[in-house]
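Asker: Input: one structure, supplied below.
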Amino acid sequence: MVTPPPSPRIATPVSHLFENETDGDTIAALSDCLECRDRSLENSRPDQTLFHCNLQPIHAWGDAEWHTMRRIRKLKPDLQLLSLHAASVCDDPLLEGAMFQPGGRSYSRDELLETAGRNFSALRRIMG
């Protein structure tokens, strides 16, 4: 007998709606787990198993980005999943209207992959 795959869990982002504790309790009760984001890092509500970070692993990270990752690990020790952006091939995209346009230096495919490899290796050491 083949075992069916588990049903997907529904993760709800912790947002400004959670500032009202009653609303946060209602939303959390309807969710399987919660997704924390950069803007809700300080929220200590339980069941935050997913963290979505706006950092892009395809770009070189400096001290500020690594500090952010160490802080996420410290404040969210029970994380099961971390998601990151990989949105732009340039270091300074411009927002024109509601659309991002290339800006600054554009990275080659090889540079993006090499940088991602370095960042993921270091990130695995931080996250455990």
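Asker: Scan the stretch 1-15 for residues that are surrounded by 14 or more Cβ atoms within 10 Å (Cβ to Cβ), aliphatic (A, V, I, L, M) and farther than 30 Å from Asp92 by Cβ and jot them down.
Answerer: Within the stretch 1-15, just Ala11 meets the criteria.
Asker: Which residues, counting only those in the stretch 49-100, are more than 21 Å from Asp32 (Cβ to Cβ), in a strand (DSSP E or B) and not charged (D, E, K, R)?
Answerer: Leu84, Cys90, Leu94, Leu95, Met99, Phe100 - these are the residues of the stretch 49-100 that are more than 21 Å from Asp32 (Cβ to Cβ), in a strand (DSSP E or B) and not charged (D, E, K, R).
Asker: Return the pairs, sorted by first residue and then second, in which the second residue is assigned to a loop (DSSP other than H, G, I, E, B) and surrounded by 12 or more Cβ atoms within 10 Å (Cβ to Cβ), the first residue lies in the stretch 92-113 and is at negative phi and touching a residue at least 24 places away in the same chain (Cβ under 8 Å), the beta carbons are less than 6 Å apart, and the residues are 6+ apart or on different chains.
Answerer: Here the result reads Tyr107/Val89; Leu112/Ile58, each pair linking the stretch 92-113 to a residue that is assigned to a loop (DSSP other than H, G, I, E, B) and surrounded by 12 or more Cβ atoms within 10 Å (Cβ to Cβ).
Asker: Identify all residues within the stretch 26-47 that are part of a helix (DSSP H, G or I), without any contact (Cβ under 8 Å) to a residue 24 or more places away in the chain and buried (at least 16 other Cβ atoms within 10 Å of the Cβ); write none if there are none.
Answerer: Ile27, Ala28
Residue-wise test of (1) loosely packed, with under 15 Cβ neighbours inside 10 Å; (2) in contact with a Lys or Arg (Cβ under 6 Å, 6 or more places away or on another chain); (3) at pLDDT 95 or above.
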residue: Leu17; (1), (2), (3): yes, no, no
residue: Asn20; (1), (2), (3): yes, no, no
residue: Thr49; (1), (2), (3): no, no, no
residue: Ser88; (1), (2), (3): no, no, no
residue: Glu96; (1), (2), (3): yes, no, no
residue: Gly104; (1), (2), (3): yes, no, no
residue: Arg118; (1), (2), (3): yes, no, yes
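Asker: Further question on the same structure: How about the stretch 28-67: which of its residues are more than 30 Å from Ala116 (Cα to Cα) and either touching a helix residue (DSSP H, G or I) at 6+ places or on another chain (Cβ under 6 Å) or charged (D, E, K, R) (or both)?
Answerer: Result: Asp32, Arg45.
The values are calculated or read from the model by the stated rules, or taken from the named source; none is laboratory data. If you're wondering where the values come from, they're calculated on a predicted model, not measured in any experiment. Positions of Cβ are backbone-derived with ideal geometry, glycine not excepted, and every protein chain shown enters the neighbour counts.
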